[in-house]
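Chemist: The structure's right below; bear with me while I get my questions together.
Just so it is clear, none of the values below were taken in a lab; they were calculated from the coordinates. Just so we're clear, the structure is a prediction, and the values are computed from it rather than from any experiment. Backbone-built Cβ (ideal geometry, glycine too); neighbour counts: all protein chains shown.
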Amino acid sequence: MALPSAIWSTGDSSLTVCVNVRSADLLASPPGANWPSYNGDYTGRRYSSLSQITPQNVSQLRAQWVFHSPNSNLLEATPVVIDGLLFMTSANDAFAIDARTGRTVWHYSRPVTEGLIDDASAHHNRGVAVLGSRVYIETDNAHLLCLDARSGYLLWDVAYASGNKNYGATSAPLVIKDKVLVGTSGGDDGVRGFIAAFDAASGKEVWRHWTIPAPGEFGSESWPGDMYLRGGATTWMPGTFDPELNTVYWGTSNASPDFDGDVRPGDDLYTACVLALDPDTGHLKWYFQFTPHDLFDYDAAETPVLVDTVYRGSARKLLIQANRNGYLYVLDRTNGKFLSATPFVKKLNWASGIDANGRPIRTGLKPTSEGTLICPDMTGATNWFSPSYNPSTRLFYFMALESCHLFFLKPEKFAEGREFYATGVKRAPGQHGQKILVAYNAETGKLAWQYPQTGSGNSWAGTMTTAGGLVFFGNDAEGFEAVSAASGKSLWHFNTGQSMHASPMSFAIDRKQYVAIAAGSDLFTFALP
């Protein structure tokens, strides 16, 4: 079968398309003029070292250009910028854009896949990875594509999920050394999750780490019969990486079927976990499970953020994750040791606390045929939209949601081409969601400040923080906003008029700082006059 050809145009002829990203370039932390990967750097902190935009002048920010995607009304990608060239995705399309003007340099187009289900059927894509002069993207049906960064020409195409039509992919790849790491979506649809690594030059698979153990392996007692093939634990967001420890950290999704725990007894490893893997071999170094025997769709796919700081009097290498289950966790990332868990929402009834070993103290609530009110709701007290961490304020920023759902159970059998939730949820009468921008101090274990949002609780936008002392985020009123990183005081906002399901980033060209975020079908960029 013929492969789709690249569609490209020259755009601004004054722009020389010359991209050469080295492994050493990806090790730069924090990012500055370039934003070379989904989170900016390997730590997942989404902290930009750019400081031209400050609390004193941010009120002067003005829109510079807007790029309209022709094939999506709900962009979820974060752009990557290399030396003034911006890479953006929408569904199975990739764009190279002149970051000065917003003009298209080239456009690679591939038709969306028919017959997909659930998240994959929405054809969401969260961005690219870049190494050398090559750009890597995942497609909605779990192919890894390699494009020439100069022209958008397709160099190779590898299908990496087979054997179950319910697989999809929604993430951005992660490049580590000479490998491209990818995951899948479909954790609600009866698939067996994994992380796979491919040689960046040839596309040849190097290793694959299955996140649901096979019969006879450690943890397999939760998966009787062929349930290990349906258990979920997908890896639908990119991980983070510590080059000093040579360890990649990757979150896994909920167990499947979501609301029926009887067919998967025990802890259901390795669902709702963070996995610490050797990036050279895929070998598991350690794991931590946030929600054993998850019955509420509490994925742990949110970014595991890597922070080096003084913690309770000692210098520690930490991993911080705000989890969908309503608790913010601090782990020692050298060994996975549990250090603390702090509730960050008031509406939290599935557990009464976290014990000394990091396990939840369950209240016994679970989905029922008549419906059970459970908090947080199915979308979680937070979700995949990006958190950030500022080393100057030593605060961790993320969007939280106060909300509950009625959870229903109706056992069902697995079938390809159909979701595998074992029923679903609905909002209880009188229940309304509220989004809150939260700043957390990991050293004290306390919330430093909170900024409640005005809206319906439907924003899915993340955060980004800067050396200029700001936090940029998508608010719950279809606005892009900047607040003081120290106090949470609102300093600037821009009404996009569209729902935001993406996270912001920053880059610089000729010493001019820009910030950007996707909203609806558009990518907005801003800078000082």
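Chemist: Along each of its three principal axes, how wide is the spread of alpha-carbon positions in region 312-446, in whole angstrom units, largest first?
Modeler: Extents along the principal axes: 50, 32, 31 Å.
Chemist: Excluding residues fewer than 8 places away in the same chain, name every one of the lysines whose C-alpha is closer than 17 Å to that of residue 410.
Modeler: 366, 426
Chemist: Work out the charge dipole of region 6-527 with +1 on the Cβ of Lys and Arg and -1 on the Cβ of Asp and Glu about the Cα centre, then indicate which of 137, 345, 296 is farthest towards its positive end.
Modeler: 345
Chemist: In whole Hz, with x marking every Gly and Pro, tabulate ³J(HN,Hα) for region 334-339 from phi via Karplus 6.51 cos²θ - 1.76 cosθ + 1.60, θ = phi - 60°.
Modeler: Each residue's phi maps through the Karplus curve to give 6, 9, x, 5, 6, 10 Hz.
Chemist: Projected onto the charge dipole of the chain (+1 at Lys/Arg Cβ, -1 at Asp/Glu Cβ, origin at the Cα centre), which of 64, 168, 503 gives the Cα projection farthest towards the positive end?
Modeler: 64
Chemist: While we're looking at this one, here's another question. Just to confirm my numbers, what's the Cα centroid distance between region 490-529 and region 331-390 in Å?
Modeler: Measuring centre to centre over Cα atoms gives 31 Å.
Chemist: About its Cα centre, what dipole magnitude does region 181-220 give when the only charges are +1 on Lys and Arg Cβ and -1 on Asp and Glu Cβ, stated in debye to the nearest 20?
Modeler: 100
Chemist: Ordered by residue, what ³J(HN,Hα) values in Hz, to whole numbers, does region 223-233 give under the Karplus form 6.51 cos²θ - 1.76 cosθ + 1.60, where θ = phi - 60° and Gly and Pro are x?
Modeler: Those phi angles translate into 10, x, x, 9, 5, 4, 7, 10, x, x, 6 Hz.
Chemist: Which lysines, on any chain, are close to residue 285 with Cα under 17 Å apart, when same-chain ones fewer than 8 places away are left out?
Modeler: The qualifying lysines are 317, 337.
Chemist: Which far-off residues, 5 or more places away or on another chain, put their amide H under 5 Å from the one on residue 499, with H placed in the peptide plane?
Modeler: The answer is 520.
Chemist: Kindly point out, ordered by number, any Cys in the chain whose beta-carbon has no other cysteine beta-carbon under 4.7 Å away.
Modeler: Singleton cysteines: 18, 146, 273.
Chemist: How much net charge surrounds residue 58 when only other residues with a Cβ under 12 Å from its Cβ are counted (Lys, Arg +1; Asp, Glu -1)?
Modeler: Combined, the nearby Lys, Arg, Asp and Glu give +1.
Chemist: Something else about it: What is the distance in Å between the Cα centres of region 63-81 and region 279-317?
Modeler: Each part's Cα centre sits 31 Å from the other's.
Chemist: Give me the Kirkwood hydrodynamic radius of region 367-439, using the inverse of the mean 1/r over all pairs of distinct Cα atoms, in Å to one decimal.
Modeler: 14.5
Chemist: Counting GluC sites (Glu not before Pro) as exposed when in a DSSP loop with at most 11 other beta carbons within 10 Å, what is the longest stretch of the chain free of them?
Modeler: After excluding every exposed loop site, the longest remaining stretch is 371-529.
Chemist: Now for a separate question. Taking K and R as +1 and D and E as -1, what net charge do the other residues with C-beta under 14 Å from the C-beta of residue 213 add up to?
Modeler: Taking every other residue near residue 213 into account, the sum is -1.
Chemist: Give the aspartates and glutamates reachable from residue 179 as a straight Cα distance under 14 Å; neighbours fewer than 8 places away on the same chain don't count.
Modeler: Partners within reach: 199, 205, 278, 280.
Chemist: Taking amide hydrogens as modeled 1.01 Å from N in the peptide plane, which residues meet the under 5 Å criterion relative to residue 340, leaving out close sequence neighbours?
Modeler: 330
Chemist: How big, on average over all directions, is the shadow cast by the Cα convex hull of the chain, in nm²?
Modeler: Spelled out: convex hull of the Cα atoms, projected over all directions, averaged, 22.2 nm².
Chemist: Among the DSSP beta bridges whose two residues both lie in region 6-527, what percent are antiparallel, rounded to the nearest 5?
Modeler: 95
Chemist: Name the long-range amide H neighbours of residue 462: under 5 Å, sequence gap of 5 or more, or other chain; modelled H, no Pro or chain starts.
Modeler: For residue 462, the qualifying residues are 386, 474, 502, 503.
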